[in-house]
Amino acid sequence: MKRQDFRFFHPLRVRWVEVDMQKIVFNAHYLMYFDTAISDYWRALALPYEEAMHSLGGDLYVKKASVEYHGSARFDDRLDVALRCSRIGNSSILFTGAIFRGDELLVTAELVYVFADPATQTSKPVPDSLRSILTQFEDGQAMTQIKLGAWTELGADAAPVRVQVFVEEQGVPLDMEWDEFDTEAIHAVCFNGFGTALATGRLVMQAPGTGRIGRMAVKRVLRGSQLGREVLHALMEEARRLGCGGVLLHAQLSARDFYQRAGFATRGEPFEEAGIPHIEMFKSL
C-alpha cells in the first residue's frame, strides 16, 4: 500500500502521552488515530456529521476494526493518517486506512461501519445521497458549490447560518444582524452535496470602484476547512468582475490573520461593532 493510493490525509504528531518507555507508540493508540482521522474525513466531505446523520435518519456504528503493524511510530514523529472509502455495501461501509511516516508505511487498517437506526441500532440501507457523496469524493470531485445572487434568491439559505454564528454564538442582537444593505448586496452561499448551506458572505458597493465584503460566516463545525476562503475568493472575484479596484471589510480581530493570509492589510486602529472588536482591512484587486 502506497501514499498515492489515498487522496485524504490527516496530519498528526506523536507526543509523550502516547508512547512507552522506549518512546514507541502503544498499539492501541493507532485505532484512536484512525478514529480522529474519520472525523476529519467527514469535514472533507463538507458534512457536519451530527446534522448530516440526523437528516439521513440514521447513524454509523463501528462493526469491525482490524489493524496490521508494519513498523513503530516514535515520540515526535510527524505522521499522516490516510483513509479511503473502499466499498459501500447494502448497509455497511468499508474504510481502508494507513499510517505513514513520510513515505514509510507503519500501519494498515480496515474499519467497517454499519448504517443503522440510532434508536434500535438495527441496520438500514446506506442512503443513496450518502453513497453518492462518498463516491464523488473518492473520484476527486468537489464537495461544495458556491452560488452568488440576490437576497431574494439566497436569503433563506444565508440567514440561518448568520443567525447561528452571529446571534447564537457571538451574542449579536437579532435586530442588529439585518440591515438595509442585505437587499442591495450580492450574497455568496456555500452548499454541500445535500444542498445544506454551510457558509455565507455578502458584497456591497461601498463607493465607485470599491466593494465592501461583510457578514462572513461559517458553521462552527466546519471552520478551518477552507469554506470561508472559498466564499471570500468568490466575493472578490465578483467585485473584480464589477470593476472594483479594491475591497474593504471590517474584520473581527480574532479573524485578522485569516484575512491577512488572503492579502488584506489593516487600516487604522481597532474599534467596536456590536460589542465585538474589529479592524478595517483593505485589499487591492
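The values are calculated or read from the model by the stated rules, or taken from the named source; none is laboratory data. Everything quoted here is computed from the prediction, not taken from an experiment. Here the Cβ is made from the backbone with ideal geometry for all residues, glycine too, and neighbour counts use every protein chain on show.
Here are the numbers for this structure:
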| item | result |
| --- | --- |
| Residue match in region 19-36 (condition: in the same structural domain as Ile133 (by TED's automatic domain parsing), assigned to a strand (DSSP E or B), closer than 24 Å to Ser129 by Cα and in contact with a strand residue (DSSP E or B) (Cβ under 9 Å, 6 or more places away or on another chain)) | no |
| Qualifying positions in region 242-263 - farther than 17 Å from Leu285 by Cβ and polar (S, T, N, Q) | Gln252, Ser254 |
| Evaluation of Thr196 against (1) in contact with a strand residue (DSSP E or B) (Cβ under 6 Å, 6 or more places away or on another chain); (2) in contact (Cβ under 8 Å) with a residue 40 or more places away in the chain (one fails), failing number | (1) |
| Some residue of region 263-274 being at pLDDT below 95, in contact with a helix residue (DSSP H, G or I) (Cβ under 8 Å, 6 or more places away or on another chain) and among the hydrophobic types (A, V, I, L, M, F, W, C) | yes |
| Close pairs (6 angstrom Cβ cut-off, 6 or more residues apart or separate chains): closer than 21 Å to Leu203 by Cα in region 167-182, part of a loop (DSSP other than H, G, I, E, B) and of a type outside the set (Asp, Glu) anywhere | Val172/Ala274; Met176/Ala274 |
| Selected residue (criterion: surrounded by the most Cβ atoms within 10 Å (Cβ to Cβ)) from residues of region 211-236 that are charged (D, E, K, R) and in a helix (DSSP H, G or I) | Glu230 |
| Selection from region 35-51 of residues that are under 18 Å from Gln226 (Cβ atoms) and over 13 Å from the mean Cα position of the chain (by Cα) | Ala37 |
| Pair list, Cβ under 6 Å, 6 or more apart: region 91-106 residue of a type in the set (Lys, Arg), other residue assigned to a strand (DSSP E or B) | Arg101/Leu79 |
| Flag if Asp80 is touching a His at 6+ places or on another chain (Cβ under 8 Å) and touching a residue at least 60 places away in the same chain (Cβ under 8 Å) | yes |
| Qualifying residue in region 147-167 (condition: among the acidic types (Asp, Glu), out of contact with any strand residue (DSSP E or B) (no Cβ under 9 Å at 6 or more places or on another chain) and not assigned by TED's automatic domain parsing to the domain that holds Trp42) | no |
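Conditions (1) without any contact (Cβ under 8 Å) to a residue 60 or more places away in the chain; (2) of a type outside the set (Asp, Glu); (3) closer than 25 Å to Gly89 by Cβ, marked per residue:
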{"site": "Arg15", "(1), (2), (3)": "no, yes, no"}
{"site": "Ile24", "(1), (2), (3)": "yes, yes, no"}
{"site": "His29", "(1), (2), (3)": "yes, yes, no"}
{"site": "Phe34", "(1), (2), (3)": "no, yes, yes"}
{"site": "Ile38", "(1), (2), (3)": "no, yes, yes"}
{"site": "Trp42", "(1), (2), (3)": "yes, yes, yes"}
{"site": "Ala46", "(1), (2), (3)": "no, yes, yes"}
{"site": "Met53", "(1), (2), (3)": "no, yes, yes"}
{"site": "Leu56", "(1), (2), (3)": "no, yes, yes"}
